[in-house]
Every structure is written in C-alpha cells, then in structure tokens.
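Below: one structure, written as structure tokens.
What follows draws every value from the coordinates through simple rules; no lab data is involved. Every value quoted in this text rests on a predicted model; they were computed, and no experiment measured them. Counting neighbours? That spans all protein chains shown, and the Cβs are built from the backbone with ideal geometry, glycine included.
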Amino acid sequence: MLKTQVQELEANRVALTVEVEATKVNAAYASFYSRAARSIKIPGFRQGKIPKAVLVKHIGPDSVKEQVEEELVQEVYPQAIKETKLHPVSRFELEESNLAEGQPFVFKAVFEVRPRLGEFNYKSYTSQVQREIVDEESVSKVIGQVREQHSKTEPVENASLEVDDYFSATIEVAHEGAVDSELSDEKAAHKLVENDKLFSPCVGMKVGEIRTYQIKIDSDEEKNSKYYGKTLDYKVTLNRVSRPTLPELNDEFAKQLGDFESLEALKTKIREDLEERAKYDAEERAFEGILDQIIESYSFDVPEAMVQSTIDFFIQGLDRRWRQFGTTIQDYLRNSGKDVNEFRETFRERAVRQTRTMLLIDAIGERENIEVTDADYREEIEKRAKEYNMTVEKLLTTLTESDGEENVRFSLRSQKIRDFLLKNNQINYDMVKDADINKGESDA
Amino acid sequence: MKAPQDIVIQPIVSEKSYDRMGEGIYQFKVAKSANKSQIKDAIEVLFKVTVNKVNTLNVVRKPKRRGVFHGYTSTWKKAIVTLKEGDSIPFFEGIA
C-alpha cells in the first residue's frame, strides 16, 4: 500500500500526494544505473562496467533525476489511482516532487476527475413527439421503390423519344461549319431528363430519324467553355430508345424478393418493418426530448479535458468523412487560413452538451444499478452473429482480440438506460404522416 | 621552458585509472618530452596539490589498418602521479 492523500481542488480538479518508500527509490536508481551502464559507451570503460559516479557525470545529475522521477511516477501513479479509486479524465501535472537518492519520494499530481453529480430528477418528465403513421400508402410507397429497383430497361421498337427514356444516338456538333470532334460522339448514351438543355429538341424523334438544331452556350456553368456566347449546330441521329419496365406486382414478384409466399406476405413484412422503424424513430426523438429536459434542469461543470477529448472525437470523425471525398481538415485549415484552435472552438458547444449527456446517462445507470450481465452480452452476441452471418464463437474471439467487448457492453448499457428513461417518463405521441414529420416541432 | 598546460595534456579516466583514484593516484597524458620533475611541478601548479611520486611510461604505437591503408597509432607518454595522502584533484571530484 502506498501512502496517499487526496485533496479536492476547484472545478473537478484533484491533487493526489503520494509517498514512495526510500527502498523503492533506491531500487529505481539502481535499476536506472544498471541499464544506463549497459547502454552507454564511454571510452576507457567496458559497457556495463562504468562506475556510478562516472555515469552521473556523463549523463548529468539533473537528467538522471528527471529520468528516474519519470520512471517512478509512471510506475507508482496507476497504483495510487487504483488504491484511491479516483477516475482521472486528464493527464496529470506534477506540481511538487522531491526526489533524492536514499530519501522517501513525495510527489503531488494534479488532474481532472469525472464530476460527482448531485441529486437530479430523471423521472416524470413528459415528452411530446411525432410518430409516423404506417398505412396502406406507406407500404405502397416502399413497394413502388422496390419495383423501380427491379425494373428492366429494354429497347422499344418504333417508339418516339420521351422524357425519362434512355437513348443512344450519333451526335455531331459543329461551330460555323467546323465539326468539333471532342463534343461529337458516335455512340452517345443518355437519359432524356425534363428541361434537358442539349437534348430537349430531340423529344418526339423516331429511331433512325436525323434532327438538326442549334444551341446557344450561355449559362453560367459554361462560362469557361471556349464556345461561351456562341451558337453550336447539333445533328442527332437517334439509334435506339430504351424504357424501364416495372415488374408486375404479383406473388411471383414477392417470391423473387426472398422468402415470401405471396404478395400479401411481402406487404405484411414491409408493414412490420415500417412499424418497427417508426416506433424506434419516435422513441429516439422522445429519448432526446427527455435528455434535453434533464440537461436543462441540472447544470454542472464539465471537465475541460473531457470536452477536449470529445472535440477530438468529433474532428476525427469529420476528418474520416472528408477523406472519403479526397480532402482533409489540414487542407481545409490551410486553404481557409483558419487557426486550428479557432476551428476546434466551433465544436465546443456541441462537445459540452455531448459530454454532459454522457455523464448524466452514466450517473442514471449507476443510481439505478443498470448493469450488463453476461447473459445480456451473450444474447447480444448471438443476435449480432446471426446478422453478420458468423458463428457465435468466432465473433466472441474477434471481439476479445480487438477489445470490442467493452464497446458492446457500453452500447448495451446505454440501450438499457434509454429503455429505463422511456419507461419512467411520460411519452405522448402525435401520429403524423411521413411527409409531415418534423413539421411543427418547436425545438427539435 | 614549457608551460604546465603544455606538459599535462589531458586526464585519463578509464576502468583501470578509476580504481586507483581513491588512493590518490591519478593518470595523465603528458607531453612526450616532459620528464618526471617537470610533470611533478606542472601538476602541483595546475591543481594546487603535493606530488609524492611520478611514474611514467611511453605507450607504444599500435598497428592499425583501414582498408588497404596500413599505419600506426601515435606513441604518447602516460604519467601515473601519486599525491600526498589526503590531497585530491578537484577535476576528478564526484567521480573517485
């Protein structure tokens, strides 16, 4: 056991004073000298045979002290934290230290700890949220989307070109009689969209027909074109017209999509899924609403180190997303001339709120003794294994190897706390159509 | 006549010399032309101590080879100086 003393300072800061016995100090010095003697080369001495006094003179007494101090603190600090049951959320700063060989070593480490929250109310709030109505129309909408995804585009003979048709054509573009080979294309393939600037004049063309027309290049997007402000002559020969055909809505279609016996079974499944999603979304909004009220009602200081690490988390996530688009935060800061600290500060408000939410949720879990049992964990793993198409044992091994167990347990606990809050607060649902969700919500 | 700084070139700190520093015996690299009494005087002037005995020896050259080039190290003179009991040289303090 170490001799420790804890002193609470202002703003979630704590000073931990630790005393290390002289024998341990001497052992640390001896270990340092022995390692230094083996690694340092001094002319006139064999490695490992350098006397202590020569070593100290070579390395410098201050540097020896600094290194031994660091080693001792690194060794003793975690032990002291464990014994005092503190939860640091920041790195420590060494404020006092009196290291000397042969003497007990006393040091004072100052760091931030998780704030101890007082009494706060987290029950009996009311949250009024919108919940999507799932009806025949919602099911039909999804079926329509699925049909579109399974549509087949096939050539249509003797068709005349209409909006939304796919077509292939030979296009010849000329300016003042000179054909531009870059703009011309023998096997062009396009979809004719509404108000298509280049191909609108082709509406109504039949396969094999040739049509000539003129287009003036004058839009803002074309400002950099060499033909800006000029008129181009188009000659289009239509080679083929294709149209998507939707699959027929019958039992066969349902069977193609999976393990459905009939169209009715498919519709039932879609309805169930939609109901589940609507319930989850509404509960999520309710949960957010309750959290908002708890945060509003109970204010406390959040340790700066936790805010900073939440900002780090936000920025890392943002950077990962930006990298997918081929840019980075560094590039953005360089190009915009913004200071990195200024950029970080823009996340402060969100980070404080997120940290506060996390601390409150955790405190509720502690007060209600909400824990994740091994059975809960096993059940979750079995569920996930089924989803990922893996064996339970394989998933368990993967999670243990990648330290993922803690993450799974954390998310399970958060889920349980969420369920607890939903159960112990009043949730009122306003049933609305999908299109009206979020309309009329005052402070979502 | 040579100045003391030109006679005593550098102290020698090695495993062997270190072992005897506690007995007041120190080793120096000295000018090849210096004799024992010059070394004694130089040490006494430079370090403000009394010298009881000076032993000297010429360190022989050693053959060295770097690739195809053959050569030798320089020869030099070593002085082993015994001080009066109780005297010590501050330069070595903290080491011996």
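Would you mind telling me which residue in A:ALA178, A:ALA363, A:ALA286 has the biggest mean-square fluctuation in a Gaussian network model of chain A, where springs connect alpha carbons within a distance under 10 angstrom?
In the Gaussian network model the winner is A:ALA178.
Residue by residue through the stretch A:43-56, which ³J(HN,Hα) values in whole Hz follow from phi under the Karplus form 6.51 cos²θ - 1.76 cosθ + 1.60 (θ = phi - 60°), with glycine and proline marked x?
Running phi through 6.51 cos²θ - 1.76 cosθ + 1.60 with θ = phi - 60° gives x, x, 10, 7, 4, x, 10, 7, x, 4, 4, 5, 4, 4 Hz.
Can you grab the distance from the C-alpha centre of the stretch A:64-97 to the C-alpha centre of the stretch A:303-321, Å, no decimals?
About 25 Å separates the Cα centre of the stretch A:64-97 from the one of the stretch A:303-321.
Given a Förster radius of 25 Å and the C-beta distance between A:LYS269 and A:ALA385 as r, what FRET efficiency does 1/(1 + (r/R0)^6) yield to the nearest 0.05?
Given R0 = 25 Å and the Cβ-Cβ separation, E is 0.65.
Identify the trypsin sites (Lys or Arg not before Pro) of the stretch A:75-106 meeting these criteria: DSSP loop state and at most 10 other C-beta atoms within 10 Å of the C-beta.
Filter output for the stretch A:75-106: A:LYS85, A:ARG91.
What lysines sit close enough to B:LYS48 to cross-link, taking a C-alpha to C-alpha distance under 25 Å and skipping anything fewer than 8 places away on the same chain?
In chain and number order, the partners are A:LYS57, B:LYS2, B:LYS16, B:LYS29, B:LYS32, B:LYS36, B:LYS40, B:LYS77, B:LYS78, B:LYS84.
What do you get when you divide the Cα radius of gyration of chain B by 2.2 N^0.38 Å, with N the number of residues?
1.20
Report the one residue of B:SER74, A:PHE347, A:PHE105 whose Cα lies farthest in the direction of the positive end of the charge dipole of the protein assembly as shown (charges on C-beta: Lys and Arg +1, Asp and Glu -1; origin at the Cα centre).
Result: B:SER74.
Return the Rg/Rh ratio of the stretch A:2-112 with Cα-based radii and a Kirkwood Rh.
1.08
Principal axes first, then extents: for the Cα atoms of the protein assembly as shown, list largest minus smallest coordinate on each axis, whole Å, largest first.
Cα extents, longest axis first: 124, 77, 47 Å.
Starting from the coordinates of the alpha-carbon atoms of the stretch A:285-444, obtain the Kirkwood hydrodynamic radius over all distinct pairs and give the value in Å to one decimal.
19.3 Å
Using only alpha carbon pairs under 8 Å that are at least six residues apart, calculate the relative contact order of chain B and give it in whole percent.
Value for chain B: 31 percent.
Using a 7 Å offset from the Cα along the Cα-to-Cβ direction at both A:GLU83 and A:LYS338, what is the distance between the two label points in nm, to one decimal?
In this crude spin-label approximation the distance works out to 4.7 nm.
Within the stretch A:177-292, count lysine pairs with alpha carbon atoms under 14 angstrom apart where the residues are 8 or more positions apart or belong to different chains.
Eligible lysine pairs with Cα atoms under 14 Å apart amount to 6.
What whole-number distance in Å separates the alpha-carbon centres of the stretch A:165-207 and the stretch A:1-56?
So the separation of the two Cα centres works out to 80 Å.
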